[in-house]
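The values are calculated or read from the model by the stated rules, or taken from the named source; none is laboratory data. Note that this is a predicted model, so its numbers are computed, not measured. Ideal geometry is used to build each Cβ from the backbone, glycine not excepted, and the neighbour counts take in all protein chains shown.
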Amino acid sequence: MAVRKGNTLFLETAPSVISYGAVGSKKESEGPLAAAFDRLWEDSTLGEDTWEKAECRLQKEAIRIALEKGELSPKDLQVIFAGDLLNQCSSSIYGLRELGVPFVGLYGACSTMAESLAMAALFIEGGFGERAAAITSSHFCSAERQFRFPLEYGGQRTPTSQWTVTGSGAAILGRKAAPPYVRAVTIGSIIDMGITDANNMGAAMAPAAADTLRRFFRDSGMAPADFDLIATGDLGQVGSDLLREVMEKEGCPLEGRHNDCGLMIYDRERQQVEAGGSGCGCSASVLCAYLLPALQRGELKNLLFMATGALMSTTAVQQGESIPGIAHLVWLSQEPGGK
């Protein structure tokens, strides 16, 4: 059973990530991590007739690849934890409905991969099943239509804005005695610092990232130097700078240990993505394409994966509401065993 210390749950049986799959589209195929993806499409429609159907296909393909790699079928899963950015988590619902697997829909905005991974790990740790899947996705065009302006509008992008990744990542967890292991999870709290600019997600999410990281280090007695990498999800350049500044002032510098999935997936110099990547599919695809394989190969020994989300409603923002942020953290390791 998990041992609770403060806001962190340390997993004594340390469930394993059995297999994983990552898919993306044209923009991702032009980025520095392109070779790590399992599949990339040159056309962001993915052969579908709407952006929303294309996003559903991203999830279908990611979970298919993860199952195939693990030599599993849908009937081997006891539950899927999934969500996305669209209303009623529609990409997950329509994308996964044919599998016939018990489904738990989650909404954590861009924090959804860490949230679903944490839930899947706790499900296995609690003895409620042998295997559980975590999956999420995003699509640039479907997200723009819902949260900002349809592409036809031709709106200008600000320097603080981020480019929503067209991609998906799926991970299957179980009791296999092999790395990567899930050692601990810290469930984040909602933090709202009054940011109202929907084109500055990094500033809205950075305080939540600092809060969750602070809680984990306090609960674990560990420090940044204990980890090869602290990978945040989708803070971009603005949010990453703010996070490092806050942690530096608190005597917990991240320099040399921190990187952000939104900065890893794209080349900001060549790809015109402003402050970097964002969207549920950003941290999910970077985790499943690059970070988990690095752990499995032993190139990383200890990884803090912390995905951040801006819990915004377009209606509420238009009515002058601020944008709350949240960050969920998962400690992934080469070594099993609770703290």
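Condition first: modelled with pLDDT under 95 and under 29 Å from L11 (Cβ atoms). Can you find one or more residues in the range 225-234 that meet it? So far as the range 225-234 goes, yes, one or more of its residues are modelled with pLDDT under 95 and under 29 Å from L11 (Cβ atoms). Going through (1) surrounded by fewer than 16 Cβ atoms within 10 Å (Cβ to Cβ); (2) at pLDDT below 95; (3) closer than 20 Å to A114 by Cα one by one, R218 falls short only on (2). A single member of G6, G70, G47 is more than 28 Å from M264 (Cβ to Cβ), of a type outside the set (S, T, Y) and over 18 Å from the mean Cα position of the chain (by Cα), and it is G6. May I ask you to verify whether S25 is more than 25 Å from F128 (Cβ to Cβ), of a type in the set (S, T, Y) and modelled with pLDDT of 95 or more? So S25 fits the description; yes. Under the condition of being in a loop (DSSP other than H, G, I, E, B) and either free of Cβ contacts under 8 Å to residues at least 24 places away in the same chain or not assigned by TED's automatic domain parsing to the domain that holds A203 (or both), which residue from the range 300-325 is surrounded by the fewest Cβ atoms within 10 Å (Cβ to Cβ)? Among residues in the range 300-325 that are in a loop (DSSP other than H, G, I, E, B) and either free of Cβ contacts under 8 Å to residues at least 24 places away in the same chain or not assigned by TED's automatic domain parsing to the domain that holds A203 (or both), the one surrounded by the fewest Cβ atoms within 10 Å (Cβ to Cβ) is Q319.
The criterion of being in a loop (DSSP other than H, G, I, E, B) and either closer than 30 Å to F10 by Cβ or in contact (Cβ under 8 Å) with a residue 24 or more places away in the chain (or both) holds for Y266. Could you check G233 against (1) more than 28 Å from P74 (Cβ to Cβ); (2) in contact with a strand residue (DSSP E or B) (Cβ under 8 Å, 6 or more places away or on another chain); (3) in the same structural domain as E255 (by TED's automatic domain parsing); (4) in contact (Cβ under 8 Å) with a residue 60 or more places away in the chain and say which number it fails? Looking at each condition in turn, G233 falls short on (1).
Condition check ((1) modelled with pLDDT of 95 or more; (2) among the small types (G, A, S)) across all residues:
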{"residue": "S278", "(1), (2)": "no, yes"}
{"residue": "A294", "(1), (2)": "yes, yes"}
{"residue": "T308", "(1), (2)": "yes, no"}
{"residue": "I323", "(1), (2)": "no, no"}
{"residue": "H328", "(1), (2)": "yes, no"}
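Candidates in the range 131-172 are the residues that are part of a helix (DSSP H, G or I) and farther than 21 Å from A316 by Cα; of these, the one that is modelled with the highest pLDDT is F140. Applying the condition of being touching an Asp or Glu at 6+ places or on another chain (Cβ under 8 Å) and among the hydrophobic types (A, V, I, L, M, F, W, C) to the range 222-272 and asking which residue is nearest to S161 (Cα to Cα) yields L235. The residue that is farthest from L303 (Cα to Cα), among those in the range 174-189 that are under 17 Å from the mean Cα position of the chain (by Cα) and assigned to a loop (DSSP other than H, G, I, E, B), is S189. Output yes when any residue across the range 259-282 is farther than 28 Å from A35 by Cα and among the charged types (D, E, K, R), and no when none is. Within the range 259-282 (the criterion being farther than 28 Å from A35 by Cα and among the charged types (D, E, K, R)), the answer is no, since none of the residues qualifies. The requirement of being modelled with pLDDT under 95, among the β-branched types (V, I, T), in contact with a strand residue (DSSP E or B) (Cβ under 8 Å, 6 or more places away or on another chain) and more than 21 Å from L295 (Cα to Cα) is fulfilled somewhere in the range 3-18, by at least one residue. Among all residues of the range 288-295, there is at least one that is touching a Gly at 6+ places or on another chain (Cβ under 8 Å) and either among the basic types (K, R) or buried (at least 24 other Cβ atoms within 10 Å of the Cβ) (or both). The residues of the range 14-49 that are free of Cβ contacts under 8 Å to residues at least 60 places away in the same chain and hydroxyl-bearing (S, T, Y), listed by number, are S29, T45. Just the residues that are in contact with a strand residue (DSSP E or B) (Cβ under 7 Å, 6 or more places away or on another chain) and of a type in the set (K, R), please, taken from the range 199-230. Listed by number, the list holds a single entry, R215.
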